[in-house]
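**Student:** Let me give you the structure first, and then I'll get to my questions.
Here, each number is a calculation from the coordinates, and none is a lab measurement. Just so it is clear, the structure is predicted and the values come from calculations on it, not from any experiment. Note that each Cβ is placed from the backbone with ideal geometry, even for glycine, and that neighbours are counted across all protein chains shown.
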Amino acid sequence: MCGIVGYIGPREPEGVLLEGLKRLEYRGYDSAGVAIFNKGKVEIVRAVGKLTQLEKALKGKRFSGPIGIGHTRWATHGKSTLENAHPHTAGKVKIVHNGIIENYIELKDDLISKGHKFLSETDTEVIVHLIDEELKRGDNRGEAIRRAMLRLKGAYALGVIFDDDEKHLYAIRNGAPLIVGVGEHEHFIASDIPAILNYTNKVIPLRDEEIAICTQEECSIMDFKNGNVPRTPQKIEWDAEMVEKGGYPHYMLKEIHEQPRVIMETIDKYIDKDRMVPSFDDLKIPVSTLKDIERIEIVACGTSYYAGLVAEYYFEEFARIPTEVQLASEYRYRHPVANKRTLIIAVSQSGETADTLGAVRMGRELGATVLALSNVRESTIPRESSAAIYTEAGLEIGVASTKAFTTQISTLFILALHIALIKKTMTKEAVSEAIHELTALPWLVEQSLKRETLIKQLAEKFYNYRAFFYIGRQLLYPVALEGALKLKEISYISAEGYAAGEMKHGPIALVDQELPVVCLVTPGPIYDKVMSNVEEIQARDGIILGIGEAGDSRLKKISREFIPMPKAPYHLTPLVYTIPMQLLAYFIAVKKGTDIDQPKNLAKSVTVE
Ligand code: AGP
């Protein structure tokens with residue numbers, strides 16, 4: 001995820017761009033840069049690291065404008081170096097980009113064969129050379145851009161300016177968010193609304209395959225088929241609370257949409273992106289202790305318990321350590337066996353859950369090493385544990401936990417790889433490959449969030465049903481449990497999560513034409529097994545709500561409704577498939593009219609037994 005901004009108008013462009021980038025820094029902060037006209041020539045200033053580095057580089061500089069583009073980067077292709085920082089340039093073309101170009105390697109080879117010289121490792125640089133190449137076929141810049149876009153595969157939002165054209169700012173959207181802000185004798189482009197809300201509340205959200213061409217006075221939009229698209233600006237009517245909720249009607253929906261960012265920030269904290277290995281520098285557990293661990297017990301409650309169930313697969317597969325996940329409220333009253341070779345991981349968003357705290361205290365008494373995973377620094381559970389690591393989910397206000405869940409799983413994924421390296425149960429190459437896959441997760445979650453409209457429509461069709469089943473296997477079994485919990489706790493509808501393979505051992509007796517069954521299916525080692533379970537339900541007239549990989553025609557065919565999900569590495573599917581679970585529960589609750597952020601009978605942190 002990256003953030004892009006652009007401006008054309010009478011203001012000082014550097015101020016507008018920096019203000020916008022500050023509001024977009026959450027989308028990435030490996031490097032940042034601007035390209036701004038100054039006395040008829042475009043100057044590019046870039047800096048590695050957080051935005052403050054770019055501010056330092058711009059200190060004292062003044063630009064005549066009237067046009068400028070800016071970018072803040074989360075590295076996916078290429079390390080966070082100055083050469084890889086945006087804006088990128090080729091000939092007269094300057095560009096900033098958010099997204100991933102899937103066919104950049106073949107395009108790069110073709111462009112190199114035509115004499116183009118590349119300076120960076122990024123996929124973005126291919127786009128700027130492609131537009132430069134298309135300019136050779138005629139200097140209609142909008143046309144050159146359009147032709148170049150037709151050759152790209154992937155998803156992108158772009159800001160483009162040309163060295164010899166002080167009159168036009170170009171914005172292109174295809175698969176990544178981009179809006180145009182409409183002011184008086186000025187226009188803005190940005191990855192999201194808050195970046196420009198200080199200057200205008202009139203926006204045009206671009207749709208996929210659209211190109212906006214902005215002068216100071218007007219903005220025209222064409223689609224990739226070269227047709228003009230008439231669009232009228234929308235007025236953003238956000239009151240103070242809405243601004244506080246980022247324009248969302250509920251904190252829960254805001255927090256669902258914060259997940260790409262907070263997952264990125266959490267991952268960023270625990271990996272060394274240059275070496276592509278885990279990095280738990282301040283983990284206060286000696287490597288020798290981790291090396292001697294013979295068993296892992298994960299203790300937690302509710303959604304945090306389900307995060308533990310996902311992590312169980314990671315610890316056993318990656319680190320080859322026997323791992324059990326315990327409900328803290330049960331564990332603390334049993335006579336568990338634990339000793340100094342047991343690692344107890346206490347997962348708790350709030351860090352205050354009484355039952356989890358009780359399990360932590362018992363674990364310490366038994367001599368185990370207790371590692372807390374919390375979202376709140378200095379909360380009680382981390383304080384009473386041997387050591388603590390933290391998710392970077394930020395304040396989670398909605399009682400129904402969403403972003404905490406996905407950041408917990410992301411952190412435990414990295415921790416399992418860290419221990420696998422220590423125990424030498426995985427090679428560094430295999431660990432680096434898994435970490436590299438993980439860096440695309442914010443992007444995958446952003447793609448998953450784009451199913452929102454489809455899921456809202458699904459909720460509107462099924463919100464009146466009296467009960468739901470959720471089924472999944474292996475890594476998606478805990479997601480089925482979490483999906484059922486989300487629905488229960490905010491819509492008050494009875495819902496059960498089940499291991500798909502277990503349905504035939506009893507629960508299938510409940511299946512009839514009045515029972516929607518959310519079926520989580522992803523390609524992988526047990527695809528056929530899960531599909532057999534789904535077909536057993538279909539054979540008994542159950543209503544199949546299929547959540548599966550786009551293109552899975554076998555699941556789609558037997559689904560009453562099918563939600564196509566982005567292709568994701570198998571180990572990351574729990575994180576990607578959780579998003580539709582959260583959205584389905586949310587939109588059903590909206591239709592039920594419940595108090596979504598503060599559901600009845602619940603509290604955000606259960607500090608009593
Ligand atoms: C999840 O949506 C619920 N709010 C609840 O199950 C919660 O996960 C559980 O109470 C544990 O809270 P904790 O993570 O703060 O310990």
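**Student:** Would you please give the FRET efficiency between S553 and I44, computed as 1/(1 + (r/R0)^6) with r the Cβ-Cβ distance and R0 = 60 Å, to the nearest 0.05?
**Tutor:** Numbers: r = 47 Å, r/R0 = 0.79.
Efficiency for this residue pair is about 0.80.
**Student:** Taking region 437-528, which trypsin sites (Lys or Arg not before Pro) meet the DSSP loop condition and have no more than 13 other C-beta atoms within 10 Å? Mind showing how you got there, number by number?
**Tutor:** On the way: sites: K450, R451, K456, K461, R466, R473, K486, K488, K504; in loops: K450, R451, R466, R473.
For trypsin sites (Lys or Arg not before Pro) across region 437-528 that sit outside H, G, I, E and B with at most 13 neighbouring Cβ atoms in 10 Å, the list reads R466.
**Student:** To the nearest 20 debye, what charge dipole does the chain have about its Cα centre, counting +1 at the Cβ of each Lys and Arg and -1 at the Cβ of each Asp and Glu? Please list the in-between numbers first.
**Tutor:** Numbers: 75 positive and 82 negative charges, 65 e Å.
About 320 debye.
**Student:** For a footprinting-style exposure proxy, rank I547, I344, I221 by other Cβ within 10 Å, fewest first.
**Tutor:** Working: I547 31, I344 26, I221 20.
Least to most surrounded, the residues fall as I221, I344, I547.
**Student:** DSSP loop (so not H, G, I, E, B), at most 16 other Cβ within 10 Å: list which chymotrypsin sites (Phe, Trp or Tyr not before Pro) in region 474-570 pass both filters. Could you put the intermediate results ahead of the total?
**Tutor:** Numbers: sites: Y492, Y498, Y527, F562, Y570; in loops: Y492.
The qualifying sites are Y492.
**Student:** Which angle between 0 and 90 degrees, to the nearest 10, do you get for helix 302-318 versus the longest principal axis of the chain when only C-alpha atoms count?
**Tutor:** 90
**Student:** Can I ask one more? Arrange E210, E437, E237 by Cβ neighbour counts within 10 Å, fewest through most, would you? Each step should come with its number before you reach the end.
**Tutor:** Numbers: E210 21, E437 16, E237 8.
Lowest to highest Cβ neighbour count: E237, E437, E210.
**Student:** Might you report the magnitude of the Cβ-based charge dipole of region 69-151 about its Cα centre, with Lys and Arg at +1 and Asp and Glu at -1, to the nearest 20 debye? Write out the running numbers ahead of the final one.
**Tutor:** On the way: 13 positive and 13 negative charges, 57 e Å.
That gives region 69-151 a dipole magnitude of about 280 debye.
**Student:** Can you give me the Cα centroid spacing of region 221-284 and region 44-84 in angstrom?
**Tutor:** One Cα centre to the other: 20 Å.
**Student:** Taking the Cα-to-Cβ direction at D165 and at R231 and moving 7 Å from each Cα, how far apart do the two end points lie in nm?
**Tutor:** 1.7
**Student:** DSSP loop GluC sites (Glu not before Pro) in region 300-402 with at most 13 other Cβ atoms within 10 Å of their Cβ, which ones? Don't jump to the answer; show the numbers that get you there.
**Tutor:** On the way: sites: E312, E316, E317, E324, E330, E352, E365, E378, E384, E392, E396; in loops: E352, E378, E384, E392, E396.
Within region 300-402, the qualifying GluC sites (Glu not before Pro) (loop, at most 13 other Cβ atoms within 10 Å) are E378.
**Student:** What whole number of Å gives the distance from the Cα centroid of region 107-149 to the Cα centroid of region 318-378?
**Tutor:** 55
**Student:** By its C-alpha gyration tensor, with a ≥ b ≥ c as the square roots of the eigenvalues, how is region 324-436 shaped: rounded for a/c under 1.5, else prolate for a/b larger than b/c, else oblate?
**Tutor:** On the way: a/c = 2.14, a/b = 1.17, b/c = 1.84.
Oblate shape, in that a/c is at least 1.5 and b/c is the bigger or equal ratio.
**Student:** Just to confirm the number: angle between the C-alpha axis of helix 124-135 and the first principal axis of the chain, 0 to 90 degrees, nearest 10?
**Tutor:** Around 30 degrees separate the two axes.
**Student:** Extension gain K567-K529, at 0.36 nm per residue separation less the Cα-Cα distance, in nm? Please report the intermediate quantities before stating the final value.
**Tutor:** Numbers: separation 38, 0.36 × 38 = 13.68 nm, distance 1.95 nm.
Full-extension gain reported as 11.7 nm.
**Student:** Then there is this: What residue among L602, Y492, A354 has its Cα farthest toward the positive end of the dipole of the chain, where the charges are +1 on Lys, Arg and -1 on Asp, Glu, each on the Cβ?
**Tutor:** A354
**Student:** Turning to a different aspect of this structure: Could you tell me the relative contact order of region 272-400? Use alpha-carbon pairs under 8 Å, at least six residues apart, and round to a whole percent.
**Tutor:** Working: 232 pairs, mean separation 29.6, N = 129.
Relative contact order here is 23 percent.
**Student:** Taking 7 Å along the Cα-to-C-beta vector as the label spot, tell me the R377-E102 distance in nanometres, rounded to one decimal.
**Tutor:** Modelled inter-label distance: 4.0 nm.
**Student:** Per DSSP helix of 4 or more residues, -39500 (n - 2.57); summed, then divided by the residues of the chain. What does that give at 222 nm, rounded to the nearest 500? The partial results should precede the final answer.
**Tutor:** Numbers: 21 runs with 223 residues, N = 609.
The helix contribution divided over the chain gives -11000 deg cm²/dmol.
**Student:** Any chance you could run the full-extension gain for K423 through K136? It's 0.36 nm times the residue separation minus the Cα-Cα distance, nm to one decimal.
**Tutor:** Numbers: separation 287, 0.36 × 287 = 103.32 nm, distance 5.66 nm.
Once the chain is fully extended between K423 and K136, it gains 97.7 nm.
**Student:** If you don't mind, there's one more thing I want to ask. Quick one: putting +1 on the C-beta of Lys and Arg, -1 on the C-beta of Asp and Glu, what dipole do you get for region 328-465 around its Cα centre, in Debye to the nearest 20?
**Tutor:** Details: 16 positive and 14 negative charges, 83 e Å.
Dipole of region 328-465, to the nearest 20 debye: 400 debye.
**Student:** Right, another one. Could you list which residues have their amide H under 5 Å from that of E496, counting only those 5 or more apart in sequence or on another chain, with H placed in the peptide plane?
**Tutor:** Those lying under 5 Å, H to H, from E496 are F468, F469, Y470.
**Student:** Find the centroid of the Cα atoms in region 450-500 and in region 399-417, then give the distance between the two in whole Å.
**Tutor:** Measuring centre to centre over Cα atoms gives 19 Å.
**Student:** Can you tell me the FRET efficiency between F224 and R275 if r is taken as the Cβ-Cβ distance and R0 is 56 Å, rounded to the nearest 0.05? Show your work: numbers first, answer last.
**Tutor:** Details: r = 40 Å, r/R0 = 0.71.
Calculated value: 0.90.
**Student:** Say each of A430 and N601 gets a label point 7 Å from the Cα, pointing the same way as Cα to Cβ; how far apart are those two points in nm?
**Tutor:** 4.5
**Student:** Report the relative contact order of the chain, percent, no decimals, based on alpha-carbon pairs under 8 angstrom and at least 6 residues apart.
**Tutor:** On the way: 1363 pairs, mean separation 62.8, N = 609.
Result for the chain is 10 percent.
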